[in-house]
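For reference, the structure discussed in these notes is given below.
The values are calculated or read from the model by the stated rules, or taken from the named source; none is laboratory data. Computed from a predicted structure; not experimentally measured. Neighbour counts are summed over all protein chains in view; Cβ atoms, including those assigned to glycine, are modelled from backbone coordinates with ideal geometry.
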Amino acid sequence: MWAWLNGPGKAFRDPLPSSTNYLSAYDKSGNLLRTRQDSAPRRQRSESAEAELDEDEDDIQKRELESGASEEEVRKGADLRALRRREREELEARGGIPKERVGDMRPYPLNQQFRSQPVLSEDLREKIYELVVLDRLDLKSVSATFGVDIRRVAAVVRLKSLEKQWMEEGKKLAKPYNDAVMAMLPQTPYQEGRTPQVHESINDLPVHPYTRQQMFIPASESRAYTREDAAKAFHPTLLPADKRIPHPELIQIAKWELAGHDRDTRQRMMREKDAEAAAKRAEKERRQADYEARTQVVVKGRRWDFKFEDVSAETVGKDGRGRHTVGLRYGMPLEDRKRGQIKIPTSVE
Amino acid sequence: MPRNKFHGLKRPKLRQSWSKYNLYNFTKVGTPPAANKTFFQQKWVAKSMTRGYHNPQIKEKHWTRMFDRRLPAVVPMDYRYLAENDGSEMALGRGSGLEKAEEGRERKKQKTPYMNMAFHPLERRLDTAIWRALFASSTKQARQFVVHGAVRVNGKKMIYPGYQLNPGDMFSVEPEQVLFATGAKKRRKDSPKSLQDVRDLKEEQRALAMEREQERQEQEDSDAGAATLESDEEREAMSGRPEDQDDPKKALRSLMIRAQKILDDSKRKLSGKRQQELRQFSRSIKKTMSKLRGIEEANVEDTIDGLESGLAEILTKIPQDEVPREVRLDTAEAAEKRDEANNVPEEPQPTEPAISRQTGKVDEYRARKDAELLHAALARANENPIDSSKPYATPWKPREFMSAFAFIPRYLEVNQNVCSAVYLRHPVARPGLAEVPSPFHGETLGLAFNWYLRRR
């Protein structure tokens, strides 16, 4: 073991600067796989191509124009050189170590199906917090803009506000820990003014247990058998995929786009739809409140309010153990006050 | 739970920990051979391997009750595809969609690795989640943090490591505990230095000695002075606490070297030009020191606070207006002050005394710049101070071999600054990817899954 730790394992002792440092990125003798010659074809470019990058851009373009290249070719060449220059700068900034490949992101070499995935960079988190808290954007649109799950957006805002609270209170943040850990992790960056890099897939459709079965439904050839019909076939209450994904409004917008509506019209239609949905929600809440006022008697207590509601004894079902009934079930004494019975809470409010 | 040989080398078991023994075992353990084993034996081996990793402290009877054969999965949907098609295109042609014009070019659809999700109920546990969020160096340690009351769930103290997190639960660990768990180990109780520092120092010395030996062999009368002197100084600065030193000048120098080190840490993100500037920093700071003495000899005290206040005083003493225009223009902060500079009428061609005044101003400007840099470095040092009363080595740095284990699964959202994380959702499998981090091959996990399927 010591031979390994002092030999190939030495690479893992300290983190690799501005890169992840997982087992699968190295070979058996402790060499970084992506720095090997055969795995880095980009580095084998000819000397002249490299020298070209150092030259003045205008000179090169002038020379090319003189040699009879068309304008488009020259522009293409310039773009390519700009890209390569940027690449080279990035490479230099990382100390000559190329960017990680997909295969380098596996912390467990045996498990091909697990990869270390990027986390949100601090700038991106700050931006999300600003958009949601200061600019009052709704979670869904922020989620769709940055390609970040809605729940993650909410969590980022929650954690960020805790951080701000700590800063206000003068509590010391774990800054050195934060810097060290973030340097070890792959990150989704935030670049001002550029199209945001997608962090994760936001429209995940959960595999519903009803859809796990295989079934054969005869249908006539002439029938357009849609997703809605398929959902119905699995279970009468199952909704089609279009309605079960977290961002169904994206489908609506895409449909309007296909129908040929321009951007402004789409936005106006979306706003109308949002207002409609909000009105519907408010109406539902009002009705619920009405129902509660009608059926419940609320007695104010010192610490809690007591709510009384009439229930039917008939809902207990045939065996008297119906799931949605009230009352104690007889037959089995409660053991929760016995010695040695641990009651782990199932939720914390 | 096995108490002895937790990280055994003879019959290695993979564990949820950042130990270097464990890392070595990761390189040793492979997929168990199945050729001359019965199916029962294969399942047994797979089960014992995987359970050694996935929370072995939970009794087997409890785990078998937690086990769930329904494995969660999701399919990422493309909203454009959903908008363009209503699903009836799947039944076109001969009943299974139209045949694609170009064949072979299309990427094969990835399978969903369901078997890798065999241990997904365990990822809900509070202690496991704390370890996954990189707040503890092992699940055992995470468990201890919970039991000892260092963990809060949604702001309330939670003492049960087996608490099943619900989606949306926020858990926070005391930052001091996190720093202790993830930081370098102290060598001695009364010294802030870490084992890593000592080892690195020794290795450096050894390398230096080798170098010197080589140089001596190459040429007898060479002076290897400059380089070694500098590193000697550096070593001294890193070893001694600045408060211990009586001579303020010496203290400042050691501080400066430490400041340099601190700034070195942030070098990675800097461009090459900025790095060159930083390298010049240590050279130019020497000048500052002499100036510092010249400006206020009486004010310099022999503590960091004194130095800091001294620095602040320098910053106030050299006003920005004094900075000559050409220097100001090529600095970054010049942009803010440019309108002021524009009000200054164009100077005539400078005569000789004007030039000397100018250079004096340039020097003062440089001194101010250096003082500012040092100030920034001191602020960083304050963030990560040397303090031998802490249970971890200071200044804080990550423990060795941490980077090989550092990843955060997607079902958690972590804010390292406040040492808190939110359990967003349960882990799921998606095409080509499983979110339960497990060091075993899918086949092994499948066999273990099959083991727990019996009688179910």
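At-a-glance table
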item: Count of segment A:143-159 residues which are under 10 Å from residue A:129 (Cβ atoms) and either in contact with a His (Cβ under 8 Å, 6 or more places away or on another chain) or more than 7 Å from chain B (Cβ to nearest Cβ) (or both); result: 2
item: Residue A:83 vs. criteria at the interface with chain B (Cβ under 9 Å from one of its Cβ atoms) and either in contact (Cβ under 8 Å) with a residue 60 or more places away in the chain or exposed (fewer than 15 other Cβ atoms within 10 Å of the Cβ) (or both); result: no
item: Test: residue B:368 is in contact (Cβ under 8 Å) with a residue 40 or more places away in the chain, basic (Lys, Arg) and over 30 Å from residue A:204 (Cβ atoms); result: yes
item: Of all residues making up segment A:88-117, the number that are surrounded by 19 or more Cβ atoms within 10 Å (Cβ to Cβ) and either assigned to a helix (DSSP H, G or I) or facing another protein chain (nearest Cβ under 8 Å) (or both); result: 9
item: The lone exception for residue B:45 - which of (1) in a loop (DSSP other than H, G, I, E, B); (2) buried (at least 18 other Cβ atoms within 10 Å of the Cβ); (3) among the hydrophobic types (A, V, I, L, M, F, W, C) it fails; result: (1)
item: So residue A:153, is it touching a Leu at 6+ places or on another chain (Cβ under 8 Å) and part of a helix (DSSP H, G or I); result: yes
item: Exclusive hit being facing chain B (nearest Cβ under 8 Å) and part of a loop (DSSP other than H, G, I, E, B), set A:230, A:224; result: A:224
item: Matching option when the condition is in the same structural domain as residue B:169 (by TED's automatic domain parsing) and within 28 Å of the chain's Cα centre (by Cα), among B:445, B:412; result: B:412
item: Members of segment B:419-434 found to be within 7 Å of chain A (Cβ to nearest Cβ) and buried (at least 23 other Cβ atoms within 10 Å of the Cβ), listed by number; result: B:419, B:420, B:422, B:434
item: Which listed residue, of B:391, B:437, is buried (at least 20 other Cβ atoms within 10 Å of the Cβ) and either facing chain A (nearest Cβ under 8 Å) or part of a loop (DSSP other than H, G, I, E, B) (or both); result: B:437
item: Any hit, segment A:158-176, residues being of a type in the set (Ser, Thr, Tyr) and without any contact (Cβ under 8 Å) to a residue 12 or more places away in the chain; result: no
item: Residue, surrounded by the fewest Cβ atoms within 10 Å (Cβ to Cβ), within segment B:166-185, restricted to residues that are facing chain A (nearest Cβ under 9 Å) and closer than 14 Å to residue B:423 by Cβ; result: B:167
item: Those residues of segment A:233-259 which are in contact (Cβ under 8 Å) with a residue 24 or more places away in the chain, facing chain B (nearest Cβ under 8 Å) and not in a loop (DSSP other than H, G, I, E, B), in sequence order; result: A:241, A:250
item: Set B:445, B:378: member being among the aliphatic types (A, V, I, L, M), part of a helix (DSSP H, G or I) and within 11 Å of chain A (Cβ to nearest Cβ); result: B:445
item: Pairs where the first residue, in segment B:147-163, is facing another protein chain (nearest Cβ under 7 Å) and under 17 Å from residue B:133 (Cα atoms) and the second is in a loop (DSSP other than H, G, I, E, B) and charged (D, E, K, R), C-beta under 7 Å, 6+ apart; result: B:154/A:349
item: Pair list, Cβ under 7 Å, 6 or more apart: segment A:52-71 residue at negative phi, other residue among the β-branched types (Val, Ile, Thr); result: A:52/A:60; A:61/A:74; A:64/A:74; A:65/A:74
item: In segment B:187-213, residue surrounded by the most Cβ atoms within 10 Å (Cβ to Cβ) [restricted to those that are touching a helix residue (DSSP H, G or I) at 6+ places or on another chain (Cβ under 8 Å) and outside any loop (DSSP other than H, G, I, E, B)]; result: B:197
item: Index of the failed condition, residue B:33 passing every other in (1) closer than 17 Å to residue B:444 by Cα; (2) surrounded by 11 or more Cβ atoms within 10 Å (Cβ to Cβ); result: (2)
item: Verdict on residue B:70 being away from every other protein chain (no Cβ under 11 Å) and at pLDDT 90 or above; result: no
item: Condition check for residue B:79: crowded, with 17+ Cβ neighbours inside 10 Å, without any contact (Cβ under 8 Å) to a residue 24 or more places away in the chain, in contact with a helix residue (DSSP H, G or I) (Cβ under 6 Å, 6 or more places away or on another chain) and hydroxyl-bearing (Ser, Thr, Tyr); result: yes
item: Meets criteria (over 27 Å from residue B:433 (Cα atoms) and touching a residue at least 60 places away in the same chain (Cβ under 8 Å)) for residue A:127; result: yes
item: Some residue of segment A:37-48 being surrounded by 12 or more Cβ atoms within 10 Å (Cβ to Cβ), at pLDDT below 80 and either under 32 Å from the mean Cα position of the chain (by Cα) or β-branched (Val, Ile, Thr) (or both); result: yes
item: Residue A:194 away from chain B (no Cβ under 13 Å) and either more than 29 Å from the chain's Cα centre (by Cα) or part of a helix (DSSP H, G or I) (or both); result: no
item: First in segment A:199-215 and surrounded by fewer than 19 Cβ atoms within 10 Å (Cβ to Cβ), second anywhere and part of a loop (DSSP other than H, G, I, E, B) and among the basic types (Lys, Arg), Cβ under 7 Å, 6 or more apart; result: A:200/B:410; A:209/B:70
item: Residues of segment B:410-434 satisfying the condition of being part of a loop (DSSP other than H, G, I, E, B), in contact with a Phe, Trp or Tyr (Cβ under 9 Å, 6 or more places away or on another chain) and of a type outside the set (Lys, Arg); result: B:411, B:419, B:424, B:426, B:427, B:428
